[in-house]
Amino acid sequence: MRQRAGVVVLAVLALGGDIGIAAADVIGFKMLPRYSYATFKTDAPLETVVGHTADAGLVGELAVDPARPQAARGSVKVDMNTVRTGIDKRDADMRGKPYLETDVEGNRWVTFDVKNIEIAGPLEPGKPMPVRIQGVLTVKQKPVERVAEGTVTYIKLTPEQVEQQKRFGFTTDNLKVRTKLATTFTDHAMQVPQLLILKLSNDIAIDTDLTFVRQ
């Protein structure tokens, strides 16, 4: 009997990693662009410039276990060719030299890759949770480590609600992620010309309001 018990214990220990993986409920999410947007803002002494993009300009995926959101991983991409500031000439200038140079395919996308999540506990349906997201922000192929701060809300729909909302793209499991982060032109190897220093700040504030749905 003792020998048999020992065999059972060894079997449990040997399978422990697989049991842990099975117990985790990691959900794959994709961004719902229609209900997502990102803004880029520079606030200089003489002018505030705000660039905005939404819908087709955004792509993203997340892998999240609502019970252990700290282990979430994923990425968000912004097509800088879709960002608009309200002045066509300024938009064209920002996409050219010496700034983004989006005619080079590698410069076209600004990306944020999630590396670590700081959050107080598991996600609870309907409850916004404060979050700090550590990741790598890449602009013009120049990656820098950054921390985005904001909230994440887990929205779980009933079968009846899913039936009502599925035509809009929503599913049983949905996430609303709102964040703010900061970077600079010089951190990404871009220099604001001295002639424009009063109209274009080196500092860039990035705000996002992103909706993700279960894949």
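The values are calculated or read from the model by the stated rules, or taken from the named source; none is laboratory data. This structure is a prediction, so every number in the text was calculated from the model and none was measured. FYI the Cβ positions are ideal-geometry reconstructions off the backbone, even for glycines, and counts take in every protein chain you see.
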Residues satisfying the stated conditions in region 76-101, i.e. touching a helix residue (DSSP H, G or I) at 6+ places or on another chain (Cβ under 8 Å) and among the charged types (D, E, K, R): ASP79, ARG84, ARG95, GLU101
Test result for LYS77, basic (Lys, Arg) and within 19 Å of PHE185 (Cα to Cα): yes
Any chance PRO193 is loosely packed, with under 13 Cβ neighbours inside 10 Å and at pLDDT below 95: yes
Subset tally (residues that are under 22 Å from ARG95 (Cα atoms), over 13 Å from the mean Cα position of the chain (by Cα), not aromatic (Phe, Trp, Tyr) and not in a helix (DSSP H, G or I)) for region 40-83: 15
Any chance LEU123 is within 20 Å of ILE206 (Cβ to Cβ), in a loop (DSSP other than H, G, I, E, B), more than 15 Å from the chain's Cα centre (by Cα) and of a type in the set (A, V, I, L, M): no
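For the condition buried (at least 16 other Cβ atoms within 10 Å of the Cβ) and β-branched (Val, Ile, Thr), what is the one hit in VAL177, VAL136? Outline the logic, then answer.
Numbers: VAL136 fails: buried (at least 16 other Cβ atoms within 10 Å of the Cβ).
One residue alone meets the criteria, VAL177.
Sort out which residues of region 87-97 are under 15 Å from LEU200 (Cβ atoms) and either in a helix (DSSP H, G or I) or touching a residue at least 12 places away in the same chain (Cβ under 8 Å) (or both), and write them in order of number. Quick ask: steps written out before the conclusion?
The initial filter retains those residues of region 87-97 that are under 15 Å from LEU200 (Cβ atoms), namely 87, 89-97.
Matches in region 87-97: LYS89, ARG90, ASP91, ALA92, ASP93, MET94, ARG95.
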Test set (1) within 22 Å of VAL213 (Cβ to Cβ); (2) free of Cβ contacts under 8 Å to residues at least 12 places away in the same chain; (3) among the acidic types (Asp, Glu) - ASP103 fails condition number: (1)
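Somewhere in region 147-155, is a residue β-branched (Val, Ile, Thr), more than 18 Å from THR179 (Cα to Cα) and modelled with pLDDT of 95 or more? Step through it out loud before you land on a result.
Restricting attention to region 147-155, the residues satisfying the condition of being β-branched (Val, Ile, Thr) are 147, 151-153, 155.
Then drop every residue that is not more than 18 Å from THR179 (Cα to Cα), which leaves none.
No, every residue in region 147-155 fails to be β-branched (Val, Ile, Thr), more than 18 Å from THR179 (Cα to Cα) and modelled with pLDDT of 95 or more.
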Residues within region 102-115 that are in contact with a helix residue (DSSP H, G or I) (Cβ under 8 Å, 6 or more places away or on another chain) and either of a type outside the set (D, E, K, R) or surrounded by fewer than 17 Cβ atoms within 10 Å (Cβ to Cβ) (or both), tallied: 5
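Can you give me the number of residues within region 182-215 that are closer than 30 Å to PRO66 by Cβ and among the acidic types (Asp, Glu)? Spell out how you get there, then give the answer.
At the first step, the residues of region 182-215 found to be closer than 30 Å to PRO66 by Cβ are 182-183, 205-215.
Keeping just the survivors that are among the acidic types (Asp, Glu) gives 207, 209.
Here the count works out to 2.
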